[in-house]
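A quick write-up on the structure given underneath.
Coordinate-derived values only; no laboratory data. No experiment lies behind these values; they were computed from the predicted model shown. Cβ placement follows ideal geometry from the backbone for every residue including glycine, while neighbour counts extend to all protein chains displayed.
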């Protein structure tokens, strides 16, 4: 579905990832999975505190990186563009890490593809954190969509959002938030949620959403009740 969005209140954080194949094919991979993960992860919103961790699907996990801060927006957002190169590196990395047999590798790949269907979906893994009230993690509060810039600027809603199970109780934890002289670091509760955003790979006319002309892919979180409360992260596909 296509729809219009309001003005941004938080500057878009951009990261160059280079051209991607609209067909979802894979190319040669000489980079590690961790490097590819970091290269394809953008951090935006209120701001991240150091390095973060996340898990998605049937065993993929990785470390993220630092991001910028923005006052007035309730969420820290880490979003990873799951292109075919990263997916293939992830399959190989976890097959080796868990010492899978050939049959287990095939089952692992099949289970992942059955759950997320990357052949028909543009996949973006997302981790949300907030030190505000936990209700800000309620997805009903947010319009979530992507903008793809090519010859035009088109917007697409996710066809499915798959929330992920958390590990080691990360949804609510106590972490240092700010330092108070004479009192040590103040501590605030951090609430967290992880999910896979599944966007259509083809539009209503059966044209690829990420065609060879696509210049940028932008992920937008916009509050339903206030269109000016919005944050964006952008992957630059073509300079």
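Figures for the structure shown
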{"read-out": "Near-label residues of the range 210-232 by backbone N, under 18 Å of a point 7 Å along Cα→Cβ of residue 204", "value": "210"}
{"read-out": "Ranked 88, 232, 110, 152, criterion: other C-beta atoms within 10 Å, fewest first", "value": "152, 110, 88, 232"}
{"read-out": "Sequence of 40, 114, 202, 127 once ranked by neighbouring C-beta atoms within 10 Å, starting from the fewest", "value": "114, 202, 40, 127"}
{"read-out": "Extension reserve of the residue 140-residue 34 stretch, reckoned as 0.36 nm per residue once the Cα distance is removed", "value": "35.0 nm"}
{"read-out": "Computed lengthening from residue 227 to residue 211, 0.36 nm per intervening residue step minus Cα-Cα distance", "value": "2.9 nm"}
{"read-out": "Sites residue 236 and residue 161, calculated FRET efficiency, Cβ-Cβ separation with R0 35 Å, nearest 0.05", "value": "0.90"}
{"read-out": "Stretchable slack from residue 133 to residue 105, in nm (0.36 nm times residue separation minus alpha-carbon distance)", "value": "6.0 nm"}
{"read-out": "Order of 91, 44 - criterion: other Cβ atoms within 10 Å of each residue's Cβ, fewest first", "value": "91, 44"}
